[in-house]
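The values are calculated or read from the model by the stated rules, or taken from the named source; none is laboratory data. All values reported here derive from a predicted model rather than from experimental measurement. Reconstructed Cβ throughout: ideal geometry from the backbone, glycine too, with neighbour counts over all protein chains shown. Calculation scope for accessible area: heavy atoms of the full protein, side chains included, ligands and nucleic acids excluded. Shrake-Rupley method; radii C 1.70, N 1.55, O 1.52, S 1.80 Å.
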Amino acid sequence: MNKKSNIAIVLAAGKGSRMKSEIEKQFLGLDGKPLLYYSLKTFEESEIIDQVIVVTNADRITYVKEAVVEKYHLNKVRAVIKGGKERYLSVWEGLQYLDNQKEKGNVFIHDSARALVSEEILERAYQGVKEFKACAVGMPTKDTVKIVNEQGFVEHTPKRSLVWNVQTPQVFTMDIAYEAYKRLIKEKVEEVTDDAMVVETMLKLPIKLIEGSYENFKITTPEDLIMAENLLKK
């Protein structure tokens, strides 16, 4: 496998403590199917994505293969691999797997909790990575944002038109993503919250923000599940 391709790394590890459930949120039922199914289905049907790598907890690998990938005939899923204790470590596991397979092209890093990602978002992200090599989808914030100090007092109010809520997928050429994470791991930097921040920090490269969708929200709480179900019915 050495042709240039578009590969999705779908992150389905973690516990999701804010969901207040014994079941990890990526496996909770959403309209009768596991939450993880929905983003995988979008990638499966996408004309852009060539293959998918799922990164999950070690004790969930068999479940993902049997109860999600095989059950729903998700043929683009080429591997289900073990993740790390933190999100960035799971991304690194996925990137190392692709490097070992000598993959070239673009990598779409996506959180499975964003179940309502769409083909239109993937198309815009693909155009973004072709032009800028490093991009992330997101949407302008609807709220006024305040920057506060450690005591909770407002220090600054940024111009709302310049503030975005960043989503996934975050998309990079394979070499950029791999090199950025390789440096991150080598330098033992832990305070990173998304992939764009890794590339910004480790390679000093600009990240282009691409329009996502307000429906591409991260399902984190029980209320989010209800909202997602309503959108699916719509």
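Observations on the structure shown:
- Residues of region 124-183 satisfying the condition of being exposed (fewer than 12 other Cβ atoms within 10 Å of the Cβ) and on the phi > 0 side of the Ramachandran plot: Gly152
- Among (1) surrounded by fewer than 19 Cβ atoms within 10 Å (Cβ to Cβ); (2) at pLDDT below 95, the one test that Leu225 misses: (1)
- Yes/no for Met197 being part of a strand (DSSP E or B) and either open to solvent by 80 Å² or more (accessible area, probe 1.4 Å) or at pLDDT 95 or above (or both): no
- Of all residues in region 53-69, at least one satisfies being open to solvent by 80 Å² or more (accessible area, probe 1.4 Å), of a type outside the set (Asp, Glu) and more than 23 Å from Lys133 (Cα to Cα).
- Checking Thr220 against (1) at pLDDT 95 or above; (2) polar (S, T, N, Q); (3) farther than 18 Å from Ile7 by Cα, the condition it does not meet: (1)
- Test result for Phe172, within 29 Å of Gln26 (Cα to Cα), modelled with pLDDT of 95 or more, assigned to a loop (DSSP other than H, G, I, E, B) and not polar (S, T, N, Q): no
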